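Notes to accompany the following structure.
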Amino acid sequence: MNLPESKFVKYKNFSVSDGTIINDLLIAYQTWGKLNQKKDNAILICHGYTNHHFACDKNIGWFNNLMGSGKGIDTDKYFVFCSNMLGSSFGTTGPKSINPKTKSPYGSDFPKIKNIDIINVQKILIENLGINQLHTILGYSFGGHLVYLWATEFPDMIKKVVSVAGALDRWDVSKEKIEFLEKSFTDCKGWNNGHFYSSDSSEVIDALINYRIKVLNHYGFADYLLDLNHSLEVVQTIILKAAKGWAGHFDPNSLIILRRANIGSSAKYKAFKIKVPILKVLAKTDKVTSMEEGYSTIKYLKSLNIDCDLIELKTKFGHYGPMSDYNEWSNQLKDFLENKKPHLLSI
């Protein structure tokens, strides 16, 4: 997987919620469209758990179908930007970054961040761009949870929220599940307690590839490829190639760090602070975020008199469905951004 060039913002002495200080924080991001004179047309995209900030790119853009000239998010109208998460592996400070104390990569010694730290880093980027208020914040999967946190922690900085396949409350993340994830790598030769960078890491990379294959299958990507009339053998080849390309960039420490950041992360108990309309997008076949969760979220938000609606996608492709079957909701997304009330499921 060939990565495009990123843009970067540097920030001195970022304070993490665990009390540590990152002396030289680096924030990687990408932009599309132009910021208008009033600076009121900015849309922040929050990427998923294992994804990157190149949301719209002809080769690796995961949001290509919904963003661009004339599309759901029209880059002729909006200034769109996406930043790599704190603790991830695509340019923003993370476990692959050099720890100034050891002059080696942080590895598993990276600070124990929480989701609030991730959105605080995004806030730094927004302020650096001179933006006081976002037109919209949109997140997919993990990012679909972060946008709820944004709505409760910084309600005056956003006008609209779009959560795609995201949850209000990360009740599904536990210490036991993280320990199971860690074991995928601790049993590998060369892991060295997460400091595998200077040793034979072939077993670690193989474990990472296997992890990615399972994720792509679980998300519904294999089902999507099979529906294109590819043979099972061809589908397996495509997925293996994609997994290898991803594993060439992603650090397994990031998997653990970002998963751990979700423990106890919830916007539910501060949801009364939300002041803006919310559009929730969810596939009926999603195995990651269930439709039952979607129904209960909308009911709960409506009980707080929050303006919110749910687009219930019929796609067969689960968690991957909002991206593959974009025609199901692209026009409704455009209407929502333009203050038009689309025809949606009412609960």
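The values are calculated or read from the model by the stated rules, or taken from the named source; none is laboratory data. Being a predicted model, the structure only gives us computed values, none of them experimental. Virtual Cβ from ideal backbone geometry, glycine too; neighbours counted across all protein chains shown. For accessibility, only protein heavy atoms count, side chains too; no ligands or nucleic acids. Shrake-Rupley method; radii C 1.70, N 1.55, O 1.52, S 1.80 Å.
Can we say Val276 is touching a His at 6+ places or on another chain (Cβ under 6 Å) and either closer than 30 Å to Trp191 by Cα or not basic (Lys, Arg) (or both)?
No.
Residues that are within 15 Å of the chain's Cα centre (by Cα) and either surrounded by 15 or more Cβ atoms within 10 Å (Cβ to Cβ) or acidic (Asp, Glu) (or both), at least 2 per element: which strands (runs of 3 or more DSSP E) completely within the range 1-114 meet that?
Passing ranges, in order: 21-32, 42-46, 79-83.
Specify the residue that is least open to solvent (accessible area, probe 1.4 Å); the eligible residues are those in the range 199-214 that are without any contact (Cβ under 8 Å) to a residue 40 or more places away in the chain and more than 22 Å from the chain's Cα centre (by Cα).
Step by step, filter the range 199-214, then rank; the result is Ser201.
Can you tell me which condition Gly294 does not meet? The list is (1) in contact (Cβ under 8 Å) with a residue 24 or more places away in the chain; (2) touching a strand residue (DSSP E or B) at 6+ places or on another chain (Cβ under 8 Å), and all the others hold.
In the conditions (1) in contact (Cβ under 8 Å) with a residue 24 or more places away in the chain; (2) touching a strand residue (DSSP E or B) at 6+ places or on another chain (Cβ under 8 Å), Gly294 misses (1) alone.
So which residues in the range 146-167 are farther than 17 Å from Pro322 by Cβ and aliphatic (A, V, I, L, M), if there are any at all?
Result: Leu149, Ala151, Met157, Ile158.
With respect to Lys270, determine if the residue is touching a residue at least 24 places away in the same chain (Cβ under 8 Å) and in a loop (DSSP other than H, G, I, E, B).
No, not satisfied.
Do you know which residues across the range 226-276 are within 20 Å of the chain's Cα centre (by Cα), open to solvent by 50 Å² or more (accessible area, probe 1.4 Å) and more than 29 Å from Tyr197 (Cβ to Cβ)?
Result: Gly264, Lys268.
Identify all residues within the range 320-341 that are closer than 22 Å to Ala151 by Cβ and open to solvent by less than 10 Å² (accessible area, probe 1.4 Å); write none if there are none.
Pro322, Trp329, Leu333, Leu337
In the range 134-145, which residues are more than 20 Å from Ser324 (Cα to Cα) and open to solvent by 10 Å² or more (accessible area, probe 1.4 Å)?
Within the range 134-145, His135 is the sole residue that qualifies.
Could you please give the count of residues in the range 192-227 that are part of a loop (DSSP other than H, G, I, E, B) and over 14 Å from Gly321 (Cα atoms)?
Residues meeting the conditions: 7.
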